[in-house]
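The values are calculated or read from the model by the stated rules, or taken from the named source; none is laboratory data. Values in this document were obtained by computation on a predicted structure and should not be read as measured data. Cβ atoms come from the backbone with ideal geometry, glycine included; neighbour counts cover every protein chain shown. Please note that ligands, DNA and RNA were not included when accessible areas were found on the heavy atoms of the full protein model with its side chains. Shrake-Rupley method; radii C 1.70, N 1.55, O 1.52, S 1.80 Å.
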Amino acid sequence: MDVEAKVLAEVDALRVGGIAPGLVALALELARQLDECEAPTSAAVVGRELRATMLELRKVAPPAAAAADPVDELMKQRKKRRGA
């Protein structure tokens with residue numbers, strides 16, 4: 001399992017490294033521990049903590065630029081055309 005790489009990719013996509021560096025470090029450490037876990041009960045506990053940490057990171061993440069409202073995009077284009 002390569003949880004660490006997947007968590008790192010999600011953290012990069014969320015752009016939260018500068019906003020919550022402590023939570024990012026915690027998430028990566030938990031992911032490393034989960035990758036190395038062999039006992040199912042330990043993996044469950046670490047996984048639960050990783051899930052909670054990732055939820056907190058998602059809460060502080062800035063809004064995604066890709067998820068812009070299409071109506072807002074049309075308004076911007078209209079303003080450009082009208083020279084505003």
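Across the options Pro70, Gly22, Leu50, the greatest Cα extent toward the positive end of the charge dipole of the chain (unit charges at beta carbon of Lys, Arg, Asp, Glu) belongs to Pro70. Rounded to the nearest 0.05, what FRET efficiency do Leu74 and Arg15 give with R0 = 35 Å and r taken as the Cβ-Cβ distance? Could you check? Step by step, r from the Cβ atoms, then E = 0.85.
Rolling a 1.4 Å probe over the protein heavy atoms gives the chain an accessible area of 73 Å² per residue.
Basic side chains Lys and Arg get +1 at the Cβ, acidic Asp and Glu get -1 at the Cβ, and with that the dipole of the chain about its Cα centre reaches some 1040 debye. Cβ-Cβ distance of Leu8 and Val45, R₀ of 22 Å, FRET efficiency by 1/(1 + (r/R0)^6): the value works out to about 0.55. In the stretch 17-80, the portion of solvent-accessible area held by carbon and sulfur atoms comes to 60 percent [1.4 Å probe, whole percent, DNA, RNA and ligands not counted]. Only one item in (i) 10.7; (ii) 12.8; (iii) 7.1 matches mean projected area of the Cα convex hull in nm² derived from the coordinates shown, and that item is (iii).
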